[in-house]
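A.B. asks: The structure is given below, and queries will be raised subsequently.
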Amino acid sequence: MRHTIDSGLALAHEWATSGLTPTQFCRQRGLSRHVLVYWRRQAARRRPMAMAGFVQVPAPSSGRPPVVRMRWGRVTVVAPVDGDVQFLARLLTRIVSC
């Protein structure tokens, strides 16, 4: 079955809120895991930063330029607080969706 953009994004949302592993979700619905991965990535690309779980946190004043350090597995991202927040959000979303 081919999915429209709306039905594919709804599928990704349904999986995200199901509490199931991708394999369990796909087995229950007779889907290829590749289909779910594709729509998860599409959903991640379209998700606004606020929906991606980002929150604004005030930077402490230590005299040094503030940076944000984020670790995802073996990947560490260090970015200046005054950097391009939209780029950082896209980068983190891509890292998480891999």
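A.B. asks: Do any residues in region 9-35 that are over 16 Å from Arg46 (Cα atoms) have Cβ atoms under 8 Å from those of residues that are of a type in the set (Ser, Thr, Tyr), where the two are at least six apart or on different chains, and which pairs are they?
C.D. replies: Phe25/Ser18; Cys26/Ser32; Arg33/Thr23
A.B. asks: Still on this structure, please answer the following. List the helices (runs of 4 or more DSSP H) inside the chain, counting only whole elements, that have at least 2 residues being at pLDDT 80 or above and surrounded by 10 or more Cβ atoms within 10 Å (Cβ to Cβ).
C.D. replies: Working: elements: 5-16, 22-29, 33-46, 85-97.
Passing ranges, in order: 5-16, 22-29, 33-46.
The values are calculated or read from the model by the stated rules, or taken from the named source; none is laboratory data. All of these numbers come straight from a predicted model, not from anything done at the bench. No Cβ is skipped: glycine too gets one built from the backbone with ideal geometry, and neighbour counts run over all protein chains shown.
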